[in-house]
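What follows is one structure encoded as structure tokens, with my remarks underneath.
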Amino acid sequence: QTVRNALLKICEEDGVDVRFESEVAEITTVRDDAAPDSVATNGERATGVRLADGTTLDANLVVCNADIPVVYDKYLRSDASVESQPNPYATEAARQNDMDYSVSVINFCWSLKGTKLDGMRHHNVFLSGDYEGSWNRSGVPEDFREGVQHNFYVHRPKATDPSCVPSNSADADEESLMVLLPVGNLAQMEKRAKEKGVAMPTMEEMVAAGRESVLRRFEESGHGNLRDCIVEETVIDPREWEEAYNLKHGAVFGLSHGLLQLACFRPPTKTQLPAAVWPETPVPDGLHFIGASTRPGNGVPLVMMGVAVEFENILKAEKARTMAR
């Protein structure tokens, strides 16, 4: 939040028109035979965005923070493709769909009354007693059955900031907790359901099973029965991560960090290998990516480093474009 607010302040001070609640429907492109490296750009240039309400915003360049696989699924339509050839963006979307994705999480935010959790610190990690089994991503409610422990994180801000409870008192029998419970992303849930021979679970079923698993673990760890202490609850489930934050499969960390999804192999892929060996990602001239699924990778520090690198790339590209005029 601090980083976000600082960036917003800088933008506003520099006269940037910041628009909220403005859903993007498409990244607009045009055919451009002058676009550099026509194979890599698909012979196109980005010209702006079209909003869901039909408004078109023209721009010399577009910087996109949506998950790259979502961009190729939803936001790019090729004006350069012909009927006899497959749409290169659709082909890239299919390739990225088969990549390995990180976990999703069920995020619980609880206000509690009638308990004091002094045995918890500000940051708390609960680890399963089954080390190997704990790495299996839960995909159906049965995976949260009694006797099975899971790894999860708990944030208890009252430990250092009493203002996080209504009474603003460290001695009050009030608590505020945020729980991050890793689960399989939506694609992994579907796969797990097929393995078990059951229907794809609803998010309500997964949330209920996950909640009970966390509360059971609290009780096992000596923090008491907190079920009746929860007075307010906010939940973000994998489906909401996908829809609200443009995350493919609701995978909260984007693409995973396997060996062949690092460095030049991470989208937009630029390996300089023959297309038959490793196809490159077609990117319209003037479209730039930032975020967890692009280089260098996920996590706030890496994403911010990627922003700095892309900023330098934009300056170099604009300088070269200006000198060519």
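The residue pairs whose first member lies in the range 180-204 and is free of Cβ contacts under 8 Å to residues at least 12 places away in the same chain, whose second member is in a helix (DSSP H, G or I) and open to solvent by less than 70 Å² (accessible area, probe 1.4 Å), and whose beta carbons are closer than 8 Å, counting only pairs six or more residues apart or on different chains, are 199/193; 200/189; 200/193. For the condition in contact with a Phe, Trp or Tyr (Cβ under 6 Å, 6 or more places away or on another chain) and in contact (Cβ under 8 Å) with a residue 12 or more places away in the chain, residue 233 qualifies. Scanning the range 185-213 for residues that are within 17 Å of residue 136 (Cβ to Cβ), part of a helix (DSSP H, G or I) and not basic (Lys, Arg) gives 186, 187, 188, 189, 190, 193, 195, 206, 209, 210, 213.
Anything in the range 242-263 that is of a type in the set (D, E, K, R) and surrounded by 14 or more Cβ atoms within 10 Å (Cβ to Cβ)? List them, or say none. 242, 248 - these are the residues of the range 242-263 that are of a type in the set (D, E, K, R) and surrounded by 14 or more Cβ atoms within 10 Å (Cβ to Cβ).
Looking only at the range 98-150, residues that are open to solvent by 90 Å² or more (accessible area, probe 1.4 Å), farther than 25 Å from residue 185 by Cβ and in a strand (DSSP E or B) come to 1 in all.
Might you let me know whether the range 301-323 holds any residue that is free of Cβ contacts under 8 Å to residues at least 40 places away in the same chain, at negative phi, basic (Lys, Arg) and open to solvent by less than 60 Å² (accessible area, probe 1.4 Å)? No, the range 301-323 contains no residue that is free of Cβ contacts under 8 Å to residues at least 40 places away in the same chain, at negative phi, basic (Lys, Arg) and open to solvent by less than 60 Å² (accessible area, probe 1.4 Å).
So that you can scan it fast, the table gives a plain yes or no per residue for (1) among the hydroxyl-bearing types (Ser, Thr, Tyr); (2) at pLDDT 95 or above; (3) more than 23 Å from residue 252 (Cβ to Cβ):
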site: 25; (1), (2), (3): no, yes, yes
site: 37; (1), (2), (3): no, no, yes
site: 53; (1), (2), (3): no, yes, yes
site: 60; (1), (2), (3): no, no, yes
site: 85; (1), (2), (3): no, no, yes
site: 98; (1), (2), (3): no, no, no
site: 103; (1), (2), (3): no, yes, no
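Answer with yes or no whether residue 255 is modelled with pLDDT of 90 or more and touching a Cys at 6+ places or on another chain (Cβ under 9 Å). No: the conditions fail for residue 255. Residue 275 satisfies every condition listed in (1) without any contact (Cβ under 8 Å) to a residue 12 or more places away in the chain; (2) open to solvent by 60 Å² or more (accessible area, probe 1.4 Å); (3) part of a helix (DSSP H, G or I) except (3). Taken together, the residues in the range 5-47 that are surrounded by 10 or more Cβ atoms within 10 Å (Cβ to Cβ), acidic (Asp, Glu) and assigned to a helix (DSSP H, G or I) amount to 1. Do we find that residue 282 is surrounded by 13 or more Cβ atoms within 10 Å (Cβ to Cβ), more than 19 Å from residue 76 (Cβ to Cβ), touching a helix residue (DSSP H, G or I) at 6+ places or on another chain (Cβ under 9 Å) and not β-branched (Val, Ile, Thr) in this structure? Judged against the criteria, residue 282 is not a match. The residues listed here are 77, 50, 95; of these, the one that is open to solvent by 30 Å² or more (accessible area, probe 1.4 Å), farther than 26 Å from residue 144 by Cα and in a strand (DSSP E or B) is 50. Within the range 217-269, being of a type in the set (D, E, K, R) and assigned to a loop (DSSP other than H, G, I, E, B) holds for 237, 266.
The residue of the range 153-171 that is nearest to residue 213 (Cα to Cα), among those that are surrounded by 17 or more Cβ atoms within 10 Å (Cβ to Cβ) and in contact with a Lys or Arg (Cβ under 8 Å, 6 or more places away or on another chain), is 156. Residues that are surrounded by fewer than 17 Cβ atoms within 10 Å (Cβ to Cβ), over 29 Å from residue 97 (Cβ atoms) and hydrophobic (A, V, I, L, M, F, W, C) were ranked within the range 172-230; the one that is modelled with the lowest pLDDT is 172.
The values are calculated or read from the model by the stated rules, or taken from the named source; none is laboratory data. Nothing here was measured: the structure is a model prediction, and the numbers come from that model. Counting neighbours? That spans all protein chains shown, and the Cβs are built from the backbone with ideal geometry, glycine included. Keep in mind that these areas ignore ligands, DNA and RNA; they rest on the heavy atoms of the full protein, side chains included. Shrake-Rupley method; radii C 1.70, N 1.55, O 1.52, S 1.80 Å.
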